[in-house]
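The values are calculated or read from the model by the stated rules, or taken from the named source; none is laboratory data. Just so it is clear, the model here is predicted, and its values are computed rather than measured. Cβ placement follows ideal geometry from the backbone for every residue including glycine, while neighbour counts extend to all protein chains displayed.
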Amino acid sequence: MSEDRNGLGYWTLPKPDIEVKEWSRIPRVARTVPFGYKEDPDDADFLLPIKEELDALEQAKQHLKQYSYREVAIWLSKEAGRYISHMGLKKRIDIERRRKKSITIKRELTRRLEKTIQEIEKIETQRTGSYTTADSTT
């Protein structure tokens with residue numbers, strides 16, 4: 001059979017590029033330790049990431065497009081070896097969505113502010129008798 005494959009120009013597909021995520025430690029802001037993290041033994045004010053749990057959580061987000069929170073939470077608990085309830089999973093996903101939306105809004109407001117500042121500077125330089133605020137001694 002391998003001779004037939006060689007004669008036909010048999011080849012294998014290259015492996016896809018897998019995006020490797022770097023998880024970093026986060027400050028502890030609540031009494032409970034969130035899914036995907038554990039308490040830092042050296043500093044109780046920080047939490048260390050658990051790569052396997054966080055990677056499984058990323059896969060779970062994709063599964064939520066087809067399955068319910070309850071089904072995905074059961075799968076995630078089995079996959080990661082750490083229990084998470086369906087409401088805990090929903091809360092975690094909702095918080096991430098709110099933060100992402102907030103960041104998008106703040107970036108847009110920042111872009112508008114920068115554009116407005118440029119327009120103000122342009123108008124100020126076009127006035128008669130305008131001046132600059134740069135230090136003239138440099």
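Some points to look at:
- Subset of region 92-112 (residues that are over 19 Å from Lys38 (Cβ atoms) and among the basic types (Lys, Arg)): Arg97, Arg98, Arg99, Lys100, Lys101, Lys106, Arg107, Arg111, Arg112
- Among (1) closer than 20 Å to Arg97 by Cβ; (2) at pLDDT 90 or above; (3) under 15 Å from the mean Cα position of the chain (by Cα), the one test that Trp23 misses: (2)
- Within region 55-72, restricting attention to residues that are assigned to a helix (DSSP H, G or I) and not charged (D, E, K, R), the residue that is nearest to Phe35 (Cα to Cα) is Leu57.
- Candidate set from region 49-75 (those that are surrounded by 18 or more Cβ atoms within 10 Å (Cβ to Cβ) and under 24 Å from Ser24 (Cα atoms)); member that is nearest to the chain's Cα centre (by Cα): Leu57
- Of all residues in region 73-89, those satisfying the criterion of being of a type in the set (Gly, Ala, Ser) and assigned to a helix (DSSP H, G or I) are Ala73, Ser77, Ala80, Gly88.
- A count restricted to region 29-58 and to residues that are aromatic (Phe, Trp, Tyr) and closer than 21 Å to Ala73 by Cβ stands at 2.
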